[in-house]
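Structure record follows, encoded as structure tokens.
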Amino acid sequence: MCPRCAAAIQVYHHVCRREGSVWWSESIRCDRCGMMQEADSDAGDPAARAAILAANGRWVLAVTDLGRVPIRVLRVIRDELGYRPAEARARLERLASGIRTELEVLLAKLVEEGATGECRRVE
């Protein structure tokens, strides 16, 4: 609801990669009075997350190889997802699921430590 005129508003959500992290943007527009508002954040709220998932689907991150020094990759997995090494190894084919951009940021961190993997859309 528009804070100015109480009419229905249009809300647009956008998520992108920015300097190795995920960045969320929200744009609000009222067609009746023309009010426009934009906000950026490094944390997405549940409504933004739901909108992005509805528009783009759910994705999974699969790690296909831990690289030459697996402990480095496993350390990133522990720091980012909280999985201990044995648990992480058991989940490599479906390490995480969610919004594509979030998974691409995580994959980039894993690749930096020597892993290979991919993000796939869940059908």
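In the range 32-53, the residues that are touching a residue at least 40 places away in the same chain (Cβ under 8 Å) reach residues that are surrounded by 11 or more Cβ atoms within 10 Å (Cβ to Cβ) and hydroxyl-bearing (Ser, Thr, Tyr) with C-beta atoms within less than 9 angstrom, at least six apart or across chains, in these pairs: Ala51/Tyr12; Ile52/Thr101.
Determine whether Arg17 is surrounded by 12 or more Cβ atoms within 10 Å (Cβ to Cβ), in contact (Cβ under 8 Å) with a residue 24 or more places away in the chain and of a type in the set (D, E, K, R). Here the answer is yes, as Arg17 does meet what is asked.
Does Gly117 satisfy the criteria of being surrounded by 17 or more Cβ atoms within 10 Å (Cβ to Cβ), at pLDDT below 95 and in contact with a strand residue (DSSP E or B) (Cβ under 6 Å, 6 or more places away or on another chain)? No: the conditions fail for Gly117. In the set Ala55, Ala96, Ala48, Ala62, only one residue is under 23 Å from Glu123 (Cα atoms), surrounded by 16 or more Cβ atoms within 10 Å (Cβ to Cβ) and at pLDDT below 95; that residue is Ala48. Residues that are exposed (fewer than 15 other Cβ atoms within 10 Å of the Cβ) and closer than 23 Å to Glu112 by Cβ were ranked within the range 20-37; the one that is nearest to the chain's Cα centre (by Cα) is Ser21. How many residues does the range 40-79 contain that are over 16 Å from Arg100 (Cα atoms), assigned by TED's automatic domain parsing to the domain that holds Gly114 and not small (Gly, Ala, Ser)? Within the range 40-79, residues that are over 16 Å from Arg100 (Cα atoms), assigned by TED's automatic domain parsing to the domain that holds Gly114 and not small (Gly, Ala, Ser) number 15. Pairs linking a residue in the range 91-102 that is in a loop (DSSP other than H, G, I, E, B) to a residue that is hydroxyl-bearing (Ser, Thr, Tyr) and surrounded by fewer than 20 Cβ atoms within 10 Å (Cβ to Cβ), with Cβ atoms under 9 Å and 6 or more positions apart or on different chains, are Arg91/Tyr83; Leu95/Tyr83. For the range 78-92, the candidate set comprises residues that are surrounded by fewer than 14 Cβ atoms within 10 Å (Cβ to Cβ) and over 16 Å from Val60 (Cβ atoms); within that set, the residue that is farthest from the chain's Cα centre (by Cα) is Ala86.
The values are calculated or read from the model by the stated rules, or taken from the named source; none is laboratory data. What you see is a predicted model, and the numbers here were worked out from it, not measured in a lab. Cβ atoms come from the backbone with ideal geometry, glycine included; neighbour counts cover every protein chain shown.
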